[in-house]
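The values are calculated or read from the model by the stated rules, or taken from the named source; none is laboratory data. The shown structure was predicted, so the numbers you read here are calculated from the model rather than taken from an experiment. Cβ placement follows ideal geometry from the backbone for every residue including glycine, while neighbour counts extend to all protein chains displayed. We work out accessible area using only protein heavy atoms, side chains counted, and drop any ligands, DNA or RNA first. Shrake-Rupley method; radii C 1.70, N 1.55, O 1.52, S 1.80 Å.
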Amino acid sequence: MEKSNLENDVSQQNEALKMQGDKAYRRYSRLDAKKRDLKLKQFLYRKGFDLDSINQYIEDKKINESEGV
């Protein structure tokens, strides 16, 4: 049961990171890539997300953007 709760927490945190990250990405999309990434990190870190998750989100976003998704 504890494992199930942990998986739900991680899943909910990932959903929240994606939602907040997409919001910030739209807000800072007009900036150049380096400044946008810095602003994204600052925004998401202030929201309480850990830096590893933030970096992973940004990398995933870059991959999706380069694929045109």
* To do: Compute the acute angle (0 to 90°) between the alpha-carbon long axis of helix 33-46 and the principal axis of greatest extent of the alpha-carbon atoms of the chain; round to the nearest 10°.
  => 30
* Percent accessible area from carbon and sulfur atoms, the chain, protein chains only, probe 1.4 Å -> 49
* Asked: What does the accessible area per residue of the chain come to in Å², with a 1.4 Å probe and no ligands, DNA or RNA counted?
  -> 78
* Asked: Any idea how many Lys pairs in the chain come in under 25 angstrom at the alpha carbon, given 8 or more places apart or on separate chains?
  -> 28
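Where a ≥ b ≥ c are the square roots of the eigenvalues of the C-alpha gyration tensor, would you call the stretch 29-69 rounded, which needs a/c under 1.5, or, failing that, prolate if a/b is larger than b/c, or oblate?
oblate
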* To do: Could you tell me which of rounded, prolate or oblate describes the chain, using a ≥ b ≥ c as the square roots of the eigenvalues of the alpha-carbon gyration tensor, with rounded for a/c under 1.5 and, failing that, prolate when a/b is larger than b/c and oblate otherwise?
  => prolate
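Express in nm, to one decimal, how much length is gained between Ala33 and Glu59 on full extension, taking 0.36 nm for each residue of separation and deducting their alpha carbon distance.
8.2 nm
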* Structure fact -> Rounded to 0.05, the calculated FRET efficiency for the beta carbons of Tyr45 and Asp9 at R₀ = 25 Å is 0.85
